[in-house]
Amino acid sequence: MGNTYDLIIIGGGPAGLSAAIYGGRAKLKTLLINKGTIGGMADTTREIVNYPGYINVSGPELMSDFKKHAESFGAEFLKDEVVGTDFSQDMKKVTTKKKKEFFAKAVILAGGCQPRLLNIPGEKELRGSGVAYCATCDAEFFEGEDVVVVGSGDQAIEEGMFITKFARKLTVIVLHDEGILDCNKVSAEKAFQNEKMEFIWNSTIEEVLGEDNVERVRIKNLKTGSSSNLDCQGVFFFVGMIPATQFLKGSGIEMDSRGYIPVNDLMETNLSGIFAVGDNRVKYLRQVVSAAGDGATAAVAAERYIEELDAFQNNIANSDKKVLLVFFNATNTESLEFSAIMEELQQEYREDYKIVKVDMATKKNIAEKYEVKMLPTVIIFDKGEKIKELECSMDKANLKIQLI
Amino acid sequence: MLLPQLTSKAFEEKIYDNGEACLVIFSRKDCHVCKEVVPTVEELQPNYEGKFGFYYVDVEEDKPLYQSFSLKGVPQILFFKEGEYYGKLSGHVEEEQIEEKIEEIL
């Protein structure tokens, strides 16, 4: 079927593209669905100086290389937006805005993040009329004018310096005490030396004012509680990002209060076969290099998951005979002895039964699926359906009775 | 770019002289929001063939044009009918919002 894949990756930033490289190279039939431009947030970055192997590269350039790399391994790309999901079956379903449906054995969530809104009066109303979120896009429109930047992180300060190429004066509104910026030290030093940049400390913005265009902002000093107006023609908001995971509400995926998805070392979410990477997951460092690492990990974990799923399908679901699924662990002597007994028994009943042994140490997905916690455990399957669990004793006669 | 591009001169003709009911999207090449909104507009165009015009202006190539509308950012979709300005949509807009606005004008 044309709409069925091994792996679907939602999101085309560095995490998603890296997953596509690994997925494609592992010969998984891989589809990457991306709603905007390829490259995600990295694509909006003018200069990247900390991605290993590239001393100085623009975001779009680096992301275009990532994409070419993924394409060279056969990953498919689709420009559309995922709006719905159904992760309850073995074949996971995603539905797009253009009303298409796709199915895959595993899904990697790499949808990235979007700018956080302050939700203050005037912010929405004057968007595009002086309220802006992207310096590359809009700085030029403020030639010779007074501009305010809200925030003091890397993005706020670096984008702010870019805006000073056009603006007459730039005022940065900072939450912290005088001299403290959230951005890296190199940028902070440059900013303090920039003659066009001024700082208002211990403050935030309460309201953007203006009829048709931005005319001024209302600034609140957090220490004194007093408010004052500052005339300006533009306001750029750089007040952090939120994960773009809203479309997963109701999917059963666990998220924290901010919308980030907790995962383990394998990038596995609480749902089997669903992985979360990059800015969609709870993590310490949000950079291109760490996003790429996440993507690689998730794609390899997905590959193993799919292998197990396929093995189950071939050995158990499609078996003519009933299947004795024997769980063992090499470090558990009892379970090893027991599996030897089961093999002897199977020889006696080989007309009716085949045996499949599962090492709990490496094939944990099947064990989890059937909630196997104790060793030894034997589950009997008929045509892929679990029909009973053996009462495991070392007494062969007792076991025989259960098989007949 | 699938949409016909307007220069200042062509803009005068289409919008003011012919009075065509149309939209004009102002965008620039390196703006990532534009890269999301422009394709949305392009996809809508065939649905309104012959009824509603779709044009685009590159703000880097036609500075006087965006200055004359005192635009403060891209992308912006401006709507016109019979030579009159019928409002605009700014920033990241959804397909439905554009459709709604077109229906309003038609």
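Couple of notes before you dig in:
- Here the label points at A:Arg350 and B:Thr7, each 7 Å from Cα along the C-beta direction, are separated by 8.5 nm in the simple model.
- Accessible area per residue for the protein assembly as shown is 48 Å², calculated with a 1.4 Å probe on protein heavy atoms, without ligands, DNA or RNA.
- Förster radius 41 Å - calculated FRET efficiency between A:Gln287 and B:Glu96 (Cβ-Cβ, nearest 0.05): 0.70
- Among A:Ile10, A:Cys392, A:Ala132 - extreme Cα towards positive end, dipole of the protein assembly as shown, charges at beta-carbon: A:Cys392
- Net charge contributed by nearby residues that have their C-beta within less than 12 Å of A:Leu336 (K/R +1, D/E -1): -3
- 3J(HN,Hα) along the range A:258-265: 8, x, 7, 9, x, 9, 9, 4 Hz, from the Karplus curve 6.51 cos²θ - 1.76 cosθ + 1.60 with θ = phi - 60°, whole Hz, x for Gly and Pro.
- Kirkwood analysis of the range A:131-237, using all unique Cα-Cα pairs, places the hydrodynamic radius at 13.6 Å.
- Square roots of five times the Cα gyration tensor eigenvalues for chain A, Å: 56, 21, 18
- Gyration tensor (Cα) of the range A:319-403, equivalent ellipsoid semi-axes in angstrom: 18, 16, 11
- Accessible-area rank, largest first, for B:Lys29, B:Lys88, A:Lys249: A:Lys249, B:Lys29, B:Lys88, with all protein chains present and a 1.4 angstrom probe.
- Phi-based couplings in Hz for the range A:163-174 (Karplus 6.51, -1.76, 1.60; Gly and Pro marked x): 4, 5, 5, 10, 6, 6, 8, 10, 10, 9, 9, 10
- Distance (nanometres) between label positions extended 7 Å along Cα→Cβ at A:Arg218 and A:Lys322: 7.6 nm
- Mean projection area, nm², convex hull over Cα of the range A:299-338: 3.8 nm²
- Shielded by partner chains, the range B:1-34 residues - at least 50 Å² of accessible area, 1.4 Å probe, vs chain alone: B:Arg28, B:His32
- When the accessible areas of B alone and A alone are added and the area of the pair subtracted, with a 1.4 Å probe, the result is around 1900 Å², both sides summed.
- Annotation: cysteines of the protein assembly as shown without a disulfide-compatible partner (Cβ-Cβ under 4.7 angstrom) are A:Cys113, A:Cys183, A:Cys232, A:Cys392, B:Cys22.
- Heavy-atom surface analysis with a 1.4 Å probe gives the range A:40-85 a carbon and sulfur content of 54 percent of its accessible area.
- Close amide H partners of A:Gln114, meaning residues 5 or more places away or on another chain with modelled amide H under 5 Å apart, are A:Ile242, A:Ala244.
- Nearest-10 value in Å² for the accessible area of B:Asp62, using the 1.4 Å probe: 20 Å²
- Cβ-based net charge around A:Ala361, under 14 Å, with every Lys or Arg adding one and every Asp or Glu removing one: +1
The values are calculated or read from the model by the stated rules, or taken from the named source; none is laboratory data. Please read these numbers as outputs of a predicted model, since none were measured by experiment. Neighbour counts run over all protein chains shown; Cβ positions are idealised from the backbone, glycine included. With ligands, DNA and RNA removed, areas are computed over all heavy atoms of the protein, side chains included. Shrake-Rupley method; radii C 1.70, N 1.55, O 1.52, S 1.80 Å.
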